[in-house]
Amino acid sequence: MFVSDCRRDFYDLIVTQRVLLLVASDVDALCACKILQALFQCDHVQYTLVPVSGWQELETAFLEHKDQFKYFVLINCGANVDLLEILQPEEDTVFFVCDSHRPINVVNVYNDTQIKLLVKQDDDLDVPAYDDIFRDEEDEEEDSENESDGSEPLEKRRRFEEEVIERTMRRRQRREWEARRREILFDYEQYEYHGTSSAMVMFDLAWIMSKDLNDMLWWAIVGLTDQWVQDKITQMKYVTDIGVLQRHVSRHNHRNEDEENSLSIDCMRIAFEYDLRLALYQHWSLYESLCNTSYTSASLKLWSVQGQKRLQEFLADMGLPLKQVKQKFNSMDISLKENLREMIEESANKFGMKDLRVQTFSIHFGFKNKFSASDIVYATTSLMENIEKEGPETTNFIKALDSLSRGNLDKLHQGLDLAKKQLRAIQQTVASCICTNLVISQGPFLYCALMEGTPDVKLFSKPVSLCLLSKYLLKSFVCSTKNKRCKLLPLVMAAPMDVEQGTVIMVGIPPETESSDKKNFFGRAFEKAAESTNSRTLHNHFEMSIIELKTEDRSKFLDALISLLS
């Protein structure tokens with residue numbers, strides 16, 4: 001059921017209990033977790049934190065801890081499946097689910113006792129009505145032997161015939177109701193998409209309780225920016241949510257202009273600004289950032305010789321010397337940096353890059369360190385999906401979580417270095433896929449498979465990195481192809497997952513169009529294709545549109561997917 005009052009029906013219930021936090025491996029979930037941890041610290045709530053990267057880990061964690069805990073908080077996992085069926089909990093166990101995945105499973109919505117959903121009510125949920133999905137089991141076989149012996153045989157027969165007609169009608173109605181139910185559920189569950197960021201939901205809770213701090217507000221901003229960077233929400237939704245957060249930013253970072261208060265408030269300041277849509281440019285060189293940002297790289301077609309020429313023309317049009325552009329941003333001439341945004345925007349419009357300006361927030365720690373919200377998203381994601389092994393699986397999760405605290409700037413800088421490597425690897429892979437024509441049209445969708453032995457292929461066995469690569473590749477392919485039909489197609493991308501076990505990881509991305517509502521139909525399509533071909537698949541990820549598959553089953557699975565979507 002939906003929780004209408006988070007404070008009364010969620011926080012006040014768990015504040016005196018021991019709680020188990022099950023947190024998914026994405027930046028939005030980490031930010032929501034940080035906000036909740038800060039609240040728990042205020043009220044001395046005892047909790048245990050367990051990172052979970054998929055359904056199997058979620059089940060294992062639940063089985064390990066179900067005897068010690070009665071209250072479970074799930075962040076960015078659990079809303080879009082029937083939790084009670086998967087976990088089979090005791091009747092007094094309560095799950096609080098704060099999850100941005102949509103659609104929410106109808107059983108979770110209508111379970112009043114064990115499932116409490118912490119989601120924003122004004123999201124476009126369109127949950128089917130209770131009576132359309134559930135009905136009380138009627139006693140099908142009614143006792144027809146209740147006639148008295150004394151009645152006439154004729155009377156008996158007439159009554160019997162009436163009962164037969166009535167029963168037939170009831171069965172027909174039930175069949176019609178079931179057919180309608182299947183149709184309603186299919187329409188409701190057909191597309192996978194994302195609602196309001198979980199970090200924003202948690203920040204709302206802190207705000208209602210008057211415990212919201214600037215740090216919490218910053219985590220809410222990073223959670224929303226993560227959804228935007230990963231292309232999970234529409235531009236309209238992003239701008240609306242930015243507006244909501246901007247009001248909080250003005251409230252928290254308001255400063256008088258008199259001399260005494262001109263210093264930054266406890267050395268941390270958040271500011272709203274229109275910034276450039278260039279990845280990590282303040283911690284990199286402008287040249288590297290232009291080359292490794294998907295938007296500029298795709299618009300200028302930088303994988304071709306012609307594209308490289310256009311980049312030189314673009315820089316010349318701005319009047320920026322190559323020497324300046326190729327050195328670290330911090331070391332550029334101050335005179336150039338002052339008007340840089342205006343110069344870049346003006347030239348970008350001439351080169352067809354009209355959306356280079358984006359609304360975002362930046363944070364200042366003291367007077368030295370300045371980061372934009374997207375910098376933090378890239379850094380945290382890279383730390384979480386770091387492929388260099390350093391101890392147990394949870395090490396990366398803990399590092400990523402720590403990098404969000406302002407006391408751990410060294411970890412954040414380590415994340416920024418990893419993020420640069422990741423963006424370079426993505427851009428090089430995109431260029432090689434387009435130059436060697438690896439993206440092929442399969443009819444209803446485009447398909448691209450990375451071979452074992454491709455540079456950086458190990459990085460793309462990680463779900464977020466593979467999704468970023470797929471989105472960048474589709475954007476670049478749409479800019480490079482002359483085939484109008486191909487521009488409107490979605491993309492399925494596969495990469496080697498585990499060579500020893502012979503598995504591949506596969507992701508489906510919706511079409512790259514201006515009016516795209518970011519709804520993804522591949523989750524259901526993958527399930528159906530796997531069912532119809534008995535392919536050995538593993539639907540272990542919280543995103544339904546990512547699956548793992550045995551390499552030898554790949555061709556029959558793809559054939560089924562083609563016929564299903566044709």
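The values are calculated or read from the model by the stated rules, or taken from the named source; none is laboratory data. In this text the structure is predicted, and so the values were computed from the model without any measurement. Glycine also receives a Cβ, built like all others from the backbone with ideal geometry; neighbour counts cover every protein chain displayed. For the accessible areas, the whole protein counts, side chains as well, though only heavy atoms, and no ligand, DNA or RNA atoms are used. Shrake-Rupley method; radii C 1.70, N 1.55, O 1.52, S 1.80 Å.
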**Request:** Please find, within region 206-227, the residue that is farthest from ASP375 (Cα to Cα) out of those that are in a loop (DSSP other than H, G, I, E, B) and open to solvent by 40 Å² or more (accessible area, probe 1.4 Å).
**Result:** SER210
**Prompt:** Restricting to region 190-205, what's the tally of residues that are among the hydroxyl-bearing types (Ser, Thr, Tyr) and open to solvent by 10 Å² or more (accessible area, probe 1.4 Å)?
**Reply:** 2
**Yes/no for TYR11 being of a type in the set (Ser, Thr, Tyr) and open to solvent by 70 Å² or more (accessible area, probe 1.4 Å)** = no
**Message:** Can you confirm whether PRO444 is at pLDDT below 90 and either over 28 Å from LYS550 (Cβ atoms) or part of a loop (DSSP other than H, G, I, E, B) (or both)?
**Reply:** no
**Request:** Check region 310-331 and report whether any residue there is out of contact with any Cys (no Cβ under 9 Å at 6 or more places or on another chain), in contact (Cβ under 8 Å) with a residue 60 or more places away in the chain and polar (S, T, N, Q).
**Result:** no
**Item:** Of the criteria (1) in contact (Cβ under 8 Å) with a residue 40 or more places away in the chain; (2) closer than 30 Å to ALA129 by Cα; (3) open to solvent by 20 Å² or more (accessible area, probe 1.4 Å), which one SER25 fails
**Value:** (2)
**Request:** Could you check, for region 157-179, whether at least one of its residues is outside the structural domain of SER250 (by the TED database) and in a loop (DSSP other than H, G, I, E, B)?
**Result:** no
**Fill in**
Checked region 228-257 for anything touching a strand residue (DSSP E or B) at 6+ places or on another chain (Cβ under 6 Å), part of a helix (DSSP H, G or I) and over 24 Å from GLN41 (Cβ atoms); matches are ILE242, GLN246
**Message:** Condition first: within 23 Å of SER545 (Cα to Cα), more than 19 Å from the chain's Cα centre (by Cα) and open to solvent by 50 Å² or more (accessible area, probe 1.4 Å). Can you find one or more residues in region 78-92 that meet it?
**Reply:** yes
**Request:** State all residues of region 1-18 that are over 29 Å from TYR130 (Cβ atoms) and in contact with a Lys or Arg (Cβ under 9 Å, 6 or more places away or on another chain); if no residue qualifies, say none.
**Result:** GLN17, ARG18
**Request:** Filter region 536-566 down to residues that are in contact (Cβ under 8 Å) with a residue 24 or more places away in the chain and not hydrophobic (A, V, I, L, M, F, W, C), then give me how many there are.
**Result:** 12
**Message:** Quick test for you: out of PHE526, PHE542, pick the one residue that is assigned to a loop (DSSP other than H, G, I, E, B) and at pLDDT 90 or above.
**Reply:** PHE542
**Request:** Answer yes if at least one residue in region 94-115 is farther than 27 Å from HIS194 by Cα, without any contact (Cβ under 8 Å) to a residue 60 or more places away in the chain and of a type outside the set (Val, Ile, Thr), and no otherwise.
**Result:** no
**Message:** Just to be sure before I move on: is MET506 among the hydrophobic types (A, V, I, L, M, F, W, C) and open to solvent by 20 Å² or more (accessible area, probe 1.4 Å) in the structure I sent?
**Reply:** no
**Asked** In the set PHE72, PHE2, PHE40, PHE62, which member is at pLDDT below 90 and either on the phi > 0 side of the Ramachandran plot or of a type in the set (Phe, Trp, Tyr) (or both)?
**Response** PHE2
**Index of the failed condition, ALA560 passing every other in (1) part of a helix (DSSP H, G or I); (2) more than 23 Å from ARG485 (Cα to Cα)** = (2)
**Complete:** Going through region 52-93 in order, the residues found to be β-branched (Val, Ile, Thr) and within 20 Å of GLN121 (Cβ to Cβ) are VAL73, ILE75
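Conditions (1) within 24 Å of the chain's Cα centre (by Cα); (2) open to solvent by 10 Å² or more (accessible area, probe 1.4 Å); (3) farther than 23 Å from SER285 by Cβ, marked per residue:
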site: LYS420; (1), (2), (3): yes, yes, no
site: ALA425; (1), (2), (3): yes, no, no
site: CYS435; (1), (2), (3): no, yes, yes
site: PRO444; (1), (2), (3): no, yes, yes
site: GLU452; (1), (2), (3): no, yes, yes
site: ASP456; (1), (2), (3): yes, yes, no
site: PRO463; (1), (2), (3): yes, yes, yes
**Item:** Residues of region 45-68 satisfying the condition of being open to solvent by less than 80 Å² (accessible area, probe 1.4 Å), farther than 18 Å from CYS33 by Cα and in a loop (DSSP other than H, G, I, E, B)
**Value:** LYS66
**Request:** Could you run through region 338-374 and say how many residues are assigned to a loop (DSSP other than H, G, I, E, B), touching a residue at least 12 places away in the same chain (Cβ under 8 Å) and surrounded by fewer than 16 Cβ atoms within 10 Å (Cβ to Cβ)?
**Result:** 4
**Item:** Residue selected from region 520-534 under the condition touching a strand residue (DSSP E or B) at 6+ places or on another chain (Cβ under 8 Å) and surrounded by 20 or more Cβ atoms within 10 Å (Cβ to Cβ), by the criterion nearest to ASP231 (Cα to Cα)
**Value:** ASN520
**Prompt:** Residues ASP517, ASP553: which one is over 20 Å from CYS77 (Cα atoms) and either polar (S, T, N, Q) or open to solvent by less than 40 Å² (accessible area, probe 1.4 Å) (or both)?
**Reply:** ASP553
**Item:** Residue, farthest from THR381 (Cα to Cα), within region 36-64, restricted to residues that are aliphatic (A, V, I, L, M) and under 18 Å from the mean Cα position of the chain (by Cα)
**Value:** LEU58
**Fill in**
Restricted to region 291-325 and to residues being farther than 30 Å from LEU438 by Cβ and in a loop (DSSP other than H, G, I, E, B), the residue least open to solvent (accessible area, probe 1.4 Å) is LEU320
**Request:** Kindly state which strands (runs of 3 or more DSSP E) lie completely within region 71-122 and contain at least 2 residues that are not aliphatic (A, V, I, L, M).
**Result:** 71-75, 94-98
**Asked** How many residues, within region 375-395, are open to solvent by less than 30 Å² (accessible area, probe 1.4 Å) and not in a helix (DSSP H, G or I)?
**Response** 2
**Message:** Out of ASP417, ASP456, I need the residue that is out of contact with any helix residue (DSSP H, G or I) (no Cβ under 6 Å at 6 or more places or on another chain) and closer than 21 Å to ALA279 by Cβ. Which one?
**Reply:** ASP417
